[in-house]
Amino acid sequence: VARCATYRHMKVGLHIHVLDEFISKYTTEKMHKWRLAQIVGIVNKDSIKVHFDGWSEANDIVLDLDDHSGWKRIAPLGLLS
């Protein structure tokens, strides 16, 4: 129930922090980094499309909010320094 209430506040244009997951070009290890992003689309009732600030659209991702791991990758602005 709490997830649904939080999801209703997810709107196109909202700026958030998203935990980016990527492969390091130097070490080939899986890396994680919090990045500024903006919600650019609501894909369906359980997914959002996000665009990382300063990156091309080719790096946009879709987060599945029906899956608990998708929620762990989102933080509101101001929560992280």
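Counting only residues that are surrounded by 15 or more Cβ atoms within 10 Å (Cβ to Cβ) and not hydrophobic (A, V, I, L, M, F, W, C), region 65-81 holds 2 of them.
Within region 19-41, if we keep just the residues that are open to solvent by less than 80 Å² (accessible area, probe 1.4 Å) and hydrophobic (A, V, I, L, M, F, W, C), the residue that is farthest from the chain's Cα centre (by Cα) turns out to be Met31.
Taking the criterion of being of a type in the set (Ser, Thr, Tyr) and either farther than 21 Å from Val12 by Cβ or touching a helix residue (DSSP H, G or I) at 6+ places or on another chain (Cβ under 7 Å) (or both), the residues of region 27-81 that qualify are Thr27, Thr28, Ser69, Ser81.
The values are calculated or read from the model by the stated rules, or taken from the named source; none is laboratory data. Note that the structure is a prediction, hence the values are computed from the model and not measured. Cβ atoms come from the backbone with ideal geometry, glycine included; neighbour counts cover every protein chain shown. In case anyone asks, the SASA skips ligands and DNA or RNA and just uses the protein heavy atoms, side chains included. Shrake-Rupley method; radii C 1.70, N 1.55, O 1.52, S 1.80 Å.
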